[in-house]
């Protein structure tokens, strides 16, 4: 087991990602942030908290999206559905999708399909903590990435979150 990001590195990375999102979406007036259930919401919660500290009283539209029934492997593996919480329209907005690890791209493809139930965004950007660069099955790339790593197929990247796993850490198993 090898540590990729420590607790301190995760905290710095979250701050950097929030700054990059703000820099590329001036004022966030026409921007919404959507975390992907189940594990992307730990990252999106922290990014939204950082964004709120940066923009002050400007409201930030933040939602959580469950993609369980949009997955292409739903018949092969049993997945437990989570809650979708998007109580605003994404019509004509810039959507920042947030997930912890970008691997094959299939989760993001499912998220794009699921998003259409909430309107047609003008743009969708992807923010991930870890980009496993050479494992993509679909042509999907992140716009904002905490750390890009090169792994082999047998490697597993595990993101531990304090809220769920008692400790913030990213490890290669």
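Count of segment 104-132 residues, restricted to those that are assigned to a loop (DSSP other than H, G, I, E, B) and farther than 18 Å from residue 172 by Cβ, is 5. Given the condition free of Cβ contacts under 8 Å to residues at least 12 places away in the same chain, over 15 Å from residue 127 (Cβ atoms) and in contact with a helix residue (DSSP H, G or I) (Cβ under 6 Å, 6 or more places away or on another chain), answer yes or no: does some residue in segment 5-23 qualify? Within segment 5-23, none of the residues are free of Cβ contacts under 8 Å to residues at least 12 places away in the same chain, over 15 Å from residue 127 (Cβ atoms) and in contact with a helix residue (DSSP H, G or I) (Cβ under 6 Å, 6 or more places away or on another chain). Note on segment 146-157: residues that are free of Cβ contacts under 8 Å to residues at least 60 places away in the same chain and either loosely packed, with under 14 Cβ neighbours inside 10 Å or within 17 Å of the chain's Cα centre (by Cα) (or both) total 7.
Quick one: which residue in 47, 67 is farther than 21 Å from residue 133 by Cα, surrounded by 20 or more Cβ atoms within 10 Å (Cβ to Cβ) and at pLDDT below 95? After applying the criteria, what remains is 67.
When 82, 160 are checked against the criterion of being at pLDDT below 90 and within 16 Å of the chain's Cα centre (by Cα), a single residue qualifies: 82.
Is segment 15-32 home to any residue that is closer than 17 Å to residue 163 by Cβ, crowded, with 19+ Cβ neighbours inside 10 Å, touching a strand residue (DSSP E or B) at 6+ places or on another chain (Cβ under 7 Å) and modelled with pLDDT of 95 or more? Within segment 15-32, not a single residue is closer than 17 Å to residue 163 by Cβ, crowded, with 19+ Cβ neighbours inside 10 Å, touching a strand residue (DSSP E or B) at 6+ places or on another chain (Cβ under 7 Å) and modelled with pLDDT of 95 or more.
Listed here are the residues, each with its yes/no results for (1) over 19 Å from residue 20 (Cα atoms); (2) in contact with a helix residue (DSSP H, G or I) (Cβ under 9 Å, 6 or more places away or on another chain); (3) without any contact (Cβ under 8 Å) to a residue 24 or more places away in the chain; (4) crowded, with 17+ Cβ neighbours inside 10 Å.
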site: 88; (1), (2), (3), (4): yes, yes, no, no
site: 102; (1), (2), (3), (4): no, yes, no, yes
site: 114; (1), (2), (3), (4): yes, yes, no, yes
site: 125; (1), (2), (3), (4): no, yes, no, yes
site: 164; (1), (2), (3), (4): yes, yes, no, no
site: 168; (1), (2), (3), (4): yes, yes, no, yes
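Tell me, yes or no, whether segment 35-42 has at least one residue that is without any contact (Cβ under 8 Å) to a residue 60 or more places away in the chain and either farther than 23 Å from residue 103 by Cα or surrounded by fewer than 16 Cβ atoms within 10 Å (Cβ to Cβ) (or both). So far as segment 35-42 goes, no, none of its residues is without any contact (Cβ under 8 Å) to a residue 60 or more places away in the chain and either farther than 23 Å from residue 103 by Cα or surrounded by fewer than 16 Cβ atoms within 10 Å (Cβ to Cβ) (or both). Selection within segment 146-162: residues that are in contact with a helix residue (DSSP H, G or I) (Cβ under 6 Å, 6 or more places away or on another chain) and assigned to a strand (DSSP E or B). The member of this set that is nearest to residue 96 (Cα to Cα) is 146.
Of the residues that make up segment 133-145, is at least one touching a strand residue (DSSP E or B) at 6+ places or on another chain (Cβ under 8 Å), surrounded by fewer than 18 Cβ atoms within 10 Å (Cβ to Cβ) and in a strand (DSSP E or B)? Checking segment 133-145: not a single residue is touching a strand residue (DSSP E or B) at 6+ places or on another chain (Cβ under 8 Å), surrounded by fewer than 18 Cβ atoms within 10 Å (Cβ to Cβ) and in a strand (DSSP E or B). If you check 117, 111 for being farther than 19 Å from residue 28 by Cα and modelled with pLDDT under 95, only one passes: 117.
The values are calculated or read from the model by the stated rules, or taken from the named source; none is laboratory data. From a predicted model like this one, the values you see are computed outputs, not experimental measurements. Every residue, glycine as well, gets a Cβ built from its backbone with ideal geometry; the counts of neighbours run over all protein chains shown.
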